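What follows is one structure encoded as structure tokens, with my remarks underneath.
A short reminder: the numbers here are calculations on the coordinates, not readings from a lab. Model, not experiment: these values are computed from the prediction.
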Amino acid sequence: MKGVAAINTVDVAATAVVLLIAAGIVGAMIAVIRAVADDSGKHSHLKQFVETLFETPAHLRPGGGSVKAEEPERDADGRPAAAAGERFSEPCPACGETVTHEDANCPSCGLRLLS
């Protein structure tokens, strides 16, 4: 009978520890939600961290993040239109074939070239 009472005591203590840990985790989650929902700016780093985890980060949203220069216009090949005036002749990084400013893809291996 003593053995059964000792096992019951251990079970009760283990259950209490698990419930205390669960209550601590729930309390921490509530504290984080309150901090993130606060608009005062006190916890801006925490708010940015949570937004990065669960939403699209501000720097990846259209019109969000830092101020960017205007996106250059692109021609039909997807290259910047301003690059059309830049003339060059270089070897292809993949196969070594000579490519020029007129090539969007390498004529030999088909590698997509960036200007």
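List the residues, sorted by chain then number, that are 5 or more residues from residue 105 or on another chain and whose placed amide H is less than 5 Å from its amide H.
Counting only residues 5 or more places away or on other chains, the set is 113.
So who's got an amide H within less than 5 Å of the one on residue 97, skipping anything under 5 residues away but keeping other chains? H placed 1.01 Å off N, in plane.
Sorted by chain and number, the residues that satisfy this are 92.
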